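First comes the structure, then the notes that go with it.
The values are calculated or read from the model by the stated rules, or taken from the named source; none is laboratory data. The shown structure was predicted, so the numbers you read here are calculated from the model rather than taken from an experiment. Virtual Cβ from ideal backbone geometry, glycine too; neighbours counted across all protein chains shown.
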Amino acid sequence: MGSGGGFVSDTRTVERSMMASTRLVVIGGDAAGMSAASQARRRRKSDELEIVAFERGRHTSYSACGIPYLVGGVVSDPEELVARDPETFRSRYAINVHLRHEVVGIDADRRAVRVADLDAGGERWEPFDELVIATGSVPVRPDLPGADAAGIPGVQTLDDGMELLRILDAEQPRSAVVVGGGYIGLEMAEALVMRGLEVSLVDAGPQPMATLDPDMGALVADALAGVGVTVHTGSVSSGTRAEAPRPLPTSSGASPAPFGPTPSKGEGDA
Ligand SMILES: Cc1cc2nc3c(=O)[nH]c(=O)nc-3n(C[C@H](O)[C@H](O)[C@H](O)COP(=O)(O)OP(=O)(O)OC[C@H]3O[C@@H](n4cnc5c(N)ncnc54)[C@H](O)[C@@H]3O)c2cc1C
């Protein structure tokens, strides 16, 4: 594959930019991916470096940290959490972002990525000279019965936050369980309280925020109780009953309220 030429794939030929000698492909269009793309542009002008980013979601450069505020109603419009959209990247930085395009394979020998167009359908190969993989990390789903049931969302992307909002609006749940007392679990528990839900937080450790010293963790537990979250520490969730009217008990014997009228559990990141 020569620089600046075409790349012959099994579906079609992808034309390389005839201007730039090098092509940078970025997988993932949020903080890390678009920071890398922007930094590359600062160092190399568009006639030297073509930059293309593929993002499987509907947004670039969004604040995942703002998702709890969106869910809690502090932020009303998801667009407020978007720092830069694809049009801004294109017009100001000559960075070409393809939303709803998921990279499904990498051929390192041929220096090409396999890209699925999630809206139009179909796949194609896209060549690269340099590749940045910035796909983030996904919430861990505990290996428990029912953990993959519908209505138990994980939260990574802004699309995930919007999907959680949709579920809350559609199903109008009265209560929720958040499994895992790390900072994202805490933030989501508070957000759900702000939406008027009865919220239980379950954590296997002796305190929420296991990264803190016990005296600090005790303050966090007090603060959670102060905002109305029922905390079950030393408790391990043993499963999820998606259609059962009552939740499964935890190992401490507590019976936290289920997430939603029918589904019954939130996972580590709510
Ligand atoms: C609810 C929540 C609250 C948070 N609060 C804070 C906070 O208060 N303070 C703080 O410092 N951090 C916070 N964080 C963490 C912070 O948001 C992350 O550290 C940061 O978003 C990581 O950026 P990233 O670009 O590495 O990954 P991500 O933000 O996860 O972005 C990865 C992107 O890659 C895309 N992608 C994945 N696979 C593919 C593929 N195959 N093809 C194309 N695209 C793909 C995804 O759709 C996603 O948009 C929070 C995170 C969450 C979820």
Matching residues in region 54-84 - criterion: being at positive phi and touching a residue at least 40 places away in the same chain (Cβ under 8 Å): Gly73
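Taking Arg114 as the residue in question, decide whether it is within 24 Å of the chain's Cα centre (by Cα), basic (Lys, Arg) and within 15 Å of the ligand (Cβ to nearest atom). First the steps, then the outcome.
Details: within 24 Å of the chain's Cα centre (by Cα): yes; basic (Lys, Arg): yes; within 15 Å of the ligand (Cβ to nearest atom): yes.
Considered against the rule, which asks whether it is within 24 Å of the chain's Cα centre (by Cα), basic (Lys, Arg) and within 15 Å of the ligand (Cβ to nearest atom), Arg114 comes out as yes.
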Conditions (1) out of contact with any Pro (no Cβ under 8 Å at 6 or more places or on another chain); (2) at pLDDT below 95; number of the one not met by Glu198: (2)
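Which ranges mark the strands (runs of 3 or more DSSP E) fully within region 127-244 that have 3 or more residues being touching a Gly at 6+ places or on another chain (Cβ under 9 Å), small (Gly, Ala, Ser) and crowded, with 19+ Cβ neighbours inside 10 Å? I'd like the intermediate steps shown before the answer.
Values: elements: 130-133, 175-179, 198-203, 230-233.
Result: empty, no element qualifies.
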Residues of region 31-57 that turn out to be among the charged types (D, E, K, R), within 14 Å of Glu130 (Cβ to Cβ) and not in a helix (DSSP H, G or I), as a count: 3
Filter result (closer than 12 Å to Gly33 by Cβ and among the polar types (S, T, N, Q)) within region 53-105: Thr60, Ser61
Arg41 being at pLDDT 95 or above and closer than 23 Å to Pro86 by Cα: yes
Tally, over region 77-105, of residues that are over 25 Å from Asp47 (Cα atoms), touching a strand residue (DSSP E or B) at 6+ places or on another chain (Cβ under 8 Å) and surrounded by fewer than 16 Cβ atoms within 10 Å (Cβ to Cβ): 4
Matching residues in region 90-104 - criterion: being on the phi < 0 side of the Ramachandran plot and either without any contact (Cβ under 8 Å) to a residue 24 or more places away in the chain or within 11 Å of the ligand (Cβ to nearest atom) (or both): Arg90, Ser91, Arg92, Val97, His98, Leu99, His101, Glu102, Val103, Val104
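Condition first: in contact with a His (Cβ under 9 Å, 6 or more places away or on another chain), of a type outside the set (Lys, Arg), more than 12 Å from the ligand (Cβ to nearest atom) and at pLDDT 95 or above. Can you find one or more residues in region 55-71 that meet it?
no
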Residues of region 25-53 satisfying the condition of being within 7 Å of the ligand (Cβ to nearest atom) and within 17 Å of Ser91 (Cα to Cα): Gly29
